[in-house]
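Okay, structure first, notes after.
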Amino acid sequence: MKRVLILCFFILSLSSAWSQPEVYEWRTPSRNSSESMPCGGGDVGMNVWVEQGDVLFYLSRSGCFDENNTLLKLGRFRIHTSKPLNMQSFRQQLVLHDGYCQVTDGQQWIQIWADVYKPVVHVEVSIEKEKCDVEVSYESWRTHDHELTSRERFQSSYKFAAPKGLTTRRDTIMVGEDAIDFVHHNGDVTIFDATVHQQQMDAVKDKLYNPLKNLTFGGRLHGDQFRFKEHTSGHYASHDYEAWTYCSKRAAQRHAFTVVMATLQGSIADWQQVVTATSRQIQTKRDLSLSREWWHAFWQRSYVRNEGNVNNAIIRNYTLFRYMLGCNSHSAWPTKFNGGLFTFDPEYVDEKPEYSLSPDYRNWGGGVHTAQNQRLVYWPMLKNGDYDLLKAQLDFYLRIYQNAEERSRLYWGHEGACLTEQIENYGLPCYPEYGTKRPAGFDPGMERNAWLEYEWDTCLEFCMMALEAQRYGGMDISVYLPMIRSCLRFFDEHYQYLANMRGAKRLDGNGKLVLYPSSGGETFKGAYNSTSTIAALRTVAEALMGYAKENNDTSLTSYLLPFTSRIPDITVRDGMIQPALHYERVQNTESTQLYPVFPWRMYGVGRPDLDIARNTYQNDSLALKFRSHVGWKQDAIWAACLGLTDEAARLVQLKLSDGPYRFPAFWGPGFDWSPDHNWGGSGMIAVQEMLVQEVGDTLYLFPAWPHEWDVSFRLHASGGTIVEATQKDGKVTNVKITPQRPYVIGAEKR
C-alpha cells in the first residue's frame, strides 16, 4: 500500500512541478549543499540533496548549543545504493502534505522523514523487482578540537570579542557493530560563565538559569540489517571530514535505518540512556501514521492557495516557508531567524575566502537571539493558527526573564525584567554587544553599543503574542502573566529611577513617564519618548487590562490603571507620526515611526486617523529613504495594513519572489544569513494582512489584495474565528466565517 501511495504522488507530480500543497519537486540532481531541499518535523531539520549519485543530508536539531553558544549541526549522512539512480526519470520530491522528502527514479525510492513527536529520523530505501545493497556513512568534521578563525567566531556568541584561541571542542564518536553514537558534551564552564563575570553578576550567579552547563547532544545511527564496514576520510566543500560507513548485511528490496537524537544537561552516559529509551519506543508504522496525521492537520489549519492568475511564486513560497516553520513545531527552542534548521556550507552564501568554513557557520550566532528579527518569524503564527509553534518562542522568554530581573535588582535596585535586544539564551546581553571597552564608572547594567543601547522594548512584542494567542485561540497564558507584568514593570520603574537620578521629580509636569534615554529600534538613538516604546507599552498594557478584567484579576487591574495613566502620548507633527519627541542620531535603517501601524495596530484600515499613518508612509523622508523588501524590512506589511493595495502588491512580489538558491524559499543572506527566516516571516505577514484584517468585531476581507489576483484562503482571527474566502475574476465568493461575524470586502467600511 505504501508503494501505491508513493506512486500516486509520483504520478501527481508529473503534471506540474507544484501542486498545492502536495508536492514540490526537482527533476535533476544538485551540484552541492546550497541546492538542498528542507525536510523535517518536531524539532529536527535536514538539508537533503543528491550529488554524484549519492543522497546526502545535513542533520540539525534545535537547542544543540556548544560551549561557545554555537548552534551545531549533528553531522552529514551519505546514502549510496548498489543500483544507480536512472537520471532520465529522476525526481527529488518534497511531499508537503505528508511532511517527507523522497528521491526516486520510478523503480527505486529513498524516503526520509522525521517523527513529529520523537527526535527520530527514518530513512527507507526500497526497490522494485530486484535487490540492492545500501551503504550509509556518517560524516563528521568535528573529530578534533578546532580553533576558530576571526570570521568563524561570528557563529558563536563571542563574535568580534572572542578570546584568543577560541575553540570548538571535538565530538565523541562511539562505533558499534550496527550503530554509531556521535555526541557533543559541554563541560562545567562555558560562555555563560564568561558573560556573568564580564557583566559583574557573580554575586547572583547561583540564582541564574544556565542552559549550557553540561549540555550533551547528538545522535545514534542504527540499522538492524547493517554492519560496520570502514572508517575513511574525505573533503567536502571547504572542510575535511571523517566517515564511518555501514553497509547492508545482504542485498534486499527494502533497507531501513534510523537516527535517534537526544539533548539533555548531564553526562554522556545519561545521554546514552535517553537515546536507548527513545529507540525502544519506536513503532515505525504507528509513528509514521501519527506524524502524517499531524502534517495533514497542519495544512488544514490555514492555507493560501493560488486560484489561477496570481504570481505563482508568492503563494508557492509562502507555503514552502510555512513548511520550514512547521519542522520546528514541538521544540523547546524557537526557530532562529538566521537560517533556522536549514543552513548549509557558508561558502555558497558568500564566496569570499574568509567564508570557507564548516557547515556549523551562521552569521549572528546560534544561541544569541536578535529580538527584532525573531519577532517576524513568530507574528504570522497567529493568523495561521499555529499556536503550538508559537509556544517555543514564548517559553524562551519565560525561561530567561527571571535572569533579566536579577539584572535590574543588582544594577539599579528596582524590579522588572530588563530584556535586551541581542539576548542570550540565558537572558543576559550578548557578550560582545555588552561592550568590552567600557569607561570607568560606566553603568554596569548598560550595553556600551551604538546600535543597542537603551533598546529594551522588543520583549513587549512577545508579551503581546502571548496575549493575542489567548485572544485568538484561547491559549492558557497564566504561566506567562508574571513575565508580561515584569516586562511592563521594568519600564515603569526604570524610567522613574532614571528621572530620580537626574532630579527631584520622577514624572513630567503632566504626570507622565519621561522615556529618556530611549531608542527607536536600533535606529533612533538617544530618543526622548520613543514612539515604538510608547506604542508597545500602551498596547500591551491595554491588552493585559482587558485580560485582567475578563478574568476578574483585581490585583492586576489595580496595578495597570495607574501605570497606564503614566504612559505618554505618541508625537504627531506636521501630519505625520514622529519616531520620538526628539532623538539625537540615526544609527540604522528601521522606520519605527510606523511601528504604531504594525505591530501595534493603532493605525490602519478601519481605524481612526488612517490619513496620518498613510501620510507618514508616503511622505516621511526617512521612511522613504529606508524603504526596501530585503530581509527584515517591514514596508510590505505597513502598505498592506494601510490598505495601499498597489504598493503592497509591488513589495510582496519582491519579497516572496524566488530566492537566489535552488529551493525558492531559501532567501538571503539579506542583513543576516541564508536561508533568511525573518525575510520569509515578514513576507508571510504581508500576505496575511493583504487578505484579512480586523478592527473590533469587524473583519476586513481583501483590504489590500489586487482584484486581478485569484486566490482562496483560510486564516484565523480573534475569538477562535476561522475566515475562509475566494476571489476569482475580481469577485469575492465562498465567504465562510466561523463563528459568524460582521465583515467588509475591501479596505473601506461601507
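The values are calculated or read from the model by the stated rules, or taken from the named source; none is laboratory data. Note that the structure is a prediction, hence the values are computed from the model and not measured. Neighbour counts run over all protein chains shown; Cβ positions are idealised from the backbone, glycine included. Note: accessible area is taken over every heavy atom of the protein model, side chains too, but ligands, DNA and RNA are not part of it. Shrake-Rupley method; radii C 1.70, N 1.55, O 1.52, S 1.80 Å.
Would you mind checking the pairs Lys505/Lys549; Lys391/Lys525; Lys164/Lys352; Lys73/Lys129 and listing those with alpha carbons more than 26 angstrom apart?
Long pairs (Cα-Cα over 26 Å): Lys505/Lys549; Lys391/Lys525; Lys73/Lys129.
Among the trypsin sites (Lys or Arg not before Pro) in segment 91-148, which ones are in a DSSP loop with at most 12 other Cβ atoms within 10 Å of the Cβ? Mind listing them?
Numbers: sites: Arg91, Lys129, Lys131, Arg142; in loops: Lys129, Lys131, Arg142.
Hits after loop and neighbour filter: Lys129.
Treat every Asp and Glu Cβ in segment 451-548 as -1 and every Lys and Arg Cβ as +1, leave all other atoms uncharged, and give the resulting dipole magnitude about the Cα centre to the nearest 20 debye.
Numbers: 9 positive and 11 negative charges, 81 e Å.
Computed charge dipole of segment 451-548: roughly 380 debye.
Classify segment 597-728 as rounded, prolate or oblate from the Cα gyration tensor: take a ≥ b ≥ c as the square roots of its eigenvalues, call it rounded if a/c is under 1.5, otherwise prolate when a/b beats b/c and oblate if not.
Because a/c hits 1.5 or more and a/b fails to exceed b/c, segment 597-728 counts as oblate.
Quick check: the distance between the Cα centres of segment 202-271 and segment 703-724, to the nearest angstrom?
For segment 202-271 versus segment 703-724, the Cα centre distance is 44 Å.
Which percent of the Cα-Cα distances in segment 451-552 go past 20 Å?
Result: 43 percent of Cα pairs exceed 20 Å.
Please work out the average accessible area per residue across segment 216-279, using the 1.4 Å probe convention, and give it in Å².
Averaged over the residues of segment 216-279, the accessible area is 43 Å².
Need one word for segment 264-378: rounded, prolate or oblate. Basis is the Cα gyration tensor (sqrt eigenvalues a ≥ b ≥ c); a/c below 1.5 gives rounded, then a/b vs b/c decides.
Verdict is oblate for segment 264-378.
Express the relative contact order of the chain as a whole percentage, based on alpha carbon pairs under 8 Å and six or more residues apart in sequence.
12 percent
Sorted by average packing, counted as other Cβ atoms within 10 angstrom per residue and highest first, what order do 167-178, 409-420 take?
Output ranking for 167-178, 409-420: 409-420, 167-178.
Mind checking the alpha-carbon convex hull of segment 102-156 and giving the volume per residue in Å³?
Spread over its residues, the Cα hull of segment 102-156 gives 169 Å³ apiece.
For segment 395-512, what's the radius of gyration and Dmax over Cα atoms, in angstrom?
Here Rg and the maximum Cα pair distance are 15.5, 50 Å.
Work from the charge dipole of segment 464-613 (Cβ charges, +1 for Lys and Arg, -1 for Asp and Glu, about the Cα centre) and give the residue of Asn588, Gly526, Met602 farthest towards its positive end.
My answer, from the dipole projection, is Gly526.
Expressed as a whole percentage, what fraction of the accessible surface of segment 59-188 belongs to carbon and sulfur atoms when a 1.4 Å probe is rolled over the protein heavy atoms?
Working: 1880 of 4180 Å².
It is 45 percent, rounded to a whole number.
So which aspartates and glutamates can Lys728 reach, going by Cα to Cα under 17 Å and dropping same-chain residues fewer than 8 places off?
Straight-line reach from Lys728, under 17 Å: Glu307, Glu708, Asp710.
Using the Cα centre of segment 369-503 as the reference point, and only Cβ charges (+1 on K/R, -1 on D/E), how large is the resulting charge dipole? Debye, rounded to the nearest 20.
Around 140 debye, computed over segment 369-503.
Using unit Cβ charges (K, R positive; D, E negative) and no other charged atoms, how large, in debye to the nearest 20, is the dipole of the chain about its Cα centre? Numbers along the way, then the final one.
Details: 78 positive and 87 negative charges, 168 e Å.
The calculated dipole for the chain is roughly 800 debye.
Taking 0.36 nm per residue of sequence separation and subtracting the Cα-Cα distance, how much length would be gained by fully extending the chain between Thr698 and Ala332, in nm to one decimal?
Between Thr698 and Ala332, full extension yields an extra 128.2 nm.
Leaving out ligands, DNA and RNA, what percent of the accessible area of segment 387-520 is carbon and sulfur, probe 1.4 Å?
49 percent
Would you compute, from DSSP H runs of 4+ residues alone, the mean residue ellipticity of the chain at 222 nm, taking -39500 (n - 2.57) per run and dividing by the full residue count, rounded to the nearest 500? Walk me through the numbers on the way to the answer.
On the way: 18 runs with 227 residues, N = 750.
Taking each H run of at least 4 residues, the total per residue is -9500 deg cm²/dmol.
If I take R0 = 22 Å and measure r between the Cβ atoms of Ser289 and Gln253 in this structure, what FRET efficiency does the formula 1/(1 + (r/R0)^6) give, to the nearest 0.05?
Rounded to the nearest 0.05, the efficiency is 0.50.
Provide the descending list of Cα extents for segment 513-582 along its principal axes, expressed in whole angstroms.
Dimensions of segment 513-582 along the principal axes of its Cα atoms: 40, 25, 19 Å.
State, to one decimal in nm, how far the label point of Glu51 lies from the label point of Leu624, with both points 7 Å from Cα in the Cβ direction.
Inter-label distance under the simple model: 4.8 nm.
Can you bin segment 317-439 into rounded, prolate or oblate? Criterion: square roots of the alpha carbon gyration tensor eigenvalues sorted a ≥ b ≥ c, rounded for a/c under 1.5, prolate for a/b above b/c, oblate for the rest.
It comes out oblate by the Cα gyration axes.
Express the Stokes-Einstein translational diffusion coefficient of segment 384-451 in µm² s⁻¹, to the nearest whole number, given a Kirkwood radius over alpha-carbon pairs, 10 °C and a viscosity of 1.306 mPa s.
The diffusion coefficient I find is 119 µm²/s.
For the residue pair Phe442 and Gln402, what label-to-label distance in nm results when each label sits 7 Å from Cα along the Cα-to-beta-carbon direction?
3.1 nm
Pull out the extension gain between Trp451 and Ser279, defined as 0.36 nm times the separation in residues minus the alpha carbon to alpha carbon distance; nm, one decimal.
Roughly 57.2 nm would be gained on extension.
For the peptides 503-514, 518-529, 568-579, what is the packing order when you average, over each peptide's residues, the other Cβ atoms within 10 Å and list the highest mean first?
For the peptides 503-514, 518-529, 568-579, the packing ranking is 518-529, 568-579, 503-514.
Multiplying the sequence separation of Arg31 and Ser150 by 0.36 nm and subtracting their Cα-Cα distance, what value in nm do you get?
40.0 nm
How much of the pair distance distribution for segment 249-325 lies past 18 Å, counting alpha-carbon pairs only, in percent?
Above the 18 Å cut-off, segment 249-325 has 67 percent of its Cα pairs.
Using label points projected 7 Å from each Cα along Cα→Cβ, tell me how many nm separate Glu307 and Asp270, to one decimal.
5.5 nm
As an exercise, find the ratio Rg/Rh for segment 210-272 from alpha-carbon atoms, using the Kirkwood inverse-distance average for Rh.
For segment 210-272, the value is 1.09.
Over the chain, one equal point on each Cα, no solvent: what is log10 I(q)/I(0) by the Debye formula at q = 0.11 Å⁻¹?
-1.22
Mark the label point 7 Å from the Cα of Asn214 along Cα→Cβ and return the residues of segment 154-187 whose backbone N is within less than 13 Å of it.
Counting backbone N atoms under 13 Å from the label point, the list is 186-187.
At a 10 angstrom cut-off on C-beta neighbours, averaged per residue, how do the peptides 81-87, 598-604, 645-651 rank from highest to lowest?
Values: 81-87: 15.1, 598-604: 22.1, 645-651: 19.9.
Final packing ranking: 598-604, 645-651, 81-87.
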